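Everything on this sheet refers to the single structure shown next.
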Amino acid sequence: MKLLITGASGFLGKYVVKEALGRGFQVRAAIRHTSDEKRLSWRNSPNLELIRINLTNSIEIDDALKGIDAVVHLAAAKQGNYDTQYANTVIATENLLKAMVEGNIKRLVAISTFSVFDYLHIRDREIIKEDSPMESQPLHRDVYAQTKLIQESLFRDFELRDRGEVTIIRPGIVYGRNNLWNSHLGVNLKNRLWIRIGGKALLPLTYVENCAQAIVSAIERQEAIGKTLNIVDNDLPTQQVYLEKIVKHLPRHPSSIAINWEIMRFLSRSAWLFNNVLLFGKIKLPGIMVPARLEARFKPFRYSNNNAQQILNWQPLYSLDEALKRSCSDVDLLIESEVTVSS
């Protein structure tokens, strides 16, 4: 079977390509025109064809799909303004799916995100499962969540309207080498001060190699067709435990202050109410003062990977401690100002 893997040079994409090659697939890896292929360890693999493509260009997509049996679609924009993210997530996906229909390619493993859930209206400590409520007020969320919600609706349209054989994979927080810090730990102010919010909430982590194994397993298993699967690891730590573990591996980190979760939630809801009732929404509040965004990042929930384990016959290979050891070996880790998962 020959796969087209989009977003192949991204943080997760690099591992998905490696895993697919390791399992004997022929892979056409699609990377951006600006990507540095020298950083891709698998670029000279005999079963690999490396192509540069702009997914907003439908002609390039037609060529990329020739001879392809299945598509793994990871490409999406995590940064930039609305127009940038809409073009590189929504329009790119529309173009890809249209070309798949024209080329009669049915099999799609589509990568979504935990950002699509309606965290504000899910009760504290509920189990987040595949059928948990989807975000009902996307305009209260950030651009990444908004565009990924639209993208997931496109996947479902392809499945229902065009009879696509679709598996939607929703990873939690994907972490690994040079990607340990995330937005669920707090707010990073220019790498000088880390405002920690809460500490007891579980983090829906999935180590990047574990996640890549689940994605490739979805290609192999017919049982995965028509399914949506949440991907998180087994041994999920709290914010505090995870922070203590990664700080040990960091050469330096900013000073931090801790804010109780309940206090932060009260402040956020008060600021939101004051702005919308008395000021008619005239003030643009920081993200942590928007309840829908705050609760997507810090509200305490539980998480299940039961469906992924059963349908994919998947077990996360690496534990948290093993994953951190692999992530931190021979690497200079720096705290990044950008988060790994948006809300």
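Here the condition is being touching a Ser or Thr at 6+ places or on another chain (Cβ under 7 Å) and either without any contact (Cβ under 8 Å) to a residue 12 or more places away in the chain or surrounded by 15 or more Cβ atoms within 10 Å (Cβ to Cβ) (or both); of A212, A271, A224, it holds for A224 alone. Given the structure, is K282 over 28 Å from A258 (Cβ atoms) and either modelled with pLDDT under 95 or not charged (D, E, K, R) (or both)? Criteria met by K282.
Taken together, the residues in the stretch 144-184 that are free of Cβ contacts under 8 Å to residues at least 24 places away in the same chain and among the hydrophobic types (A, V, I, L, M, F, W, C) amount to 1.
For the stretch 97-130, a residue qualifies if it is part of a loop (DSSP other than H, G, I, E, B), more than 26 Å from G13 (Cα to Cα) and not basic (K, R), and the qualifying residues are D118, I122, D124, E126.
One residue stands out among those in the stretch 131-158 that are among the acidic types (D, E) and outside any helix (DSSP H, G or I): the one that is nearest to L294 (Cα to Cα), which is D142. Regarding E60, is this residue among the acidic types (D, E), touching a helix residue (DSSP H, G or I) at 6+ places or on another chain (Cβ under 8 Å) and surrounded by fewer than 19 Cβ atoms within 10 Å (Cβ to Cβ)? Criteria not met by E60. No other residue among I53, I68 is at pLDDT 90 or above, more than 23 Å from the chain's Cα centre (by Cα), at negative phi and of a type in the set (V, I, T) apart from I68.
The listed residues are K18, K38, and the only one of them that is within 22 Å of the chain's Cα centre (by Cα) and either in a helix (DSSP H, G or I) or surrounded by fewer than 22 Cβ atoms within 10 Å (Cβ to Cβ) (or both) turns out to be K18.
The residues of the stretch 274-291 that are in contact with a Ser or Thr (Cβ under 8 Å, 6 or more places away or on another chain) and more than 15 Å from Q239 (Cβ to Cβ), listed by number, are G287, M289, V290, P291. Set side by side, the residues A76, A70 differ, and just one is surrounded by 18 or more Cβ atoms within 10 Å (Cβ to Cβ) and touching a Leu at 6+ places or on another chain (Cβ under 6 Å), which is A70.
The values are calculated or read from the model by the stated rules, or taken from the named source; none is laboratory data. Keep in mind that what you see is a predicted model, and the values were worked out from it rather than measured. Backbone-built Cβ (ideal geometry, glycine too); neighbour counts: all protein chains shown.
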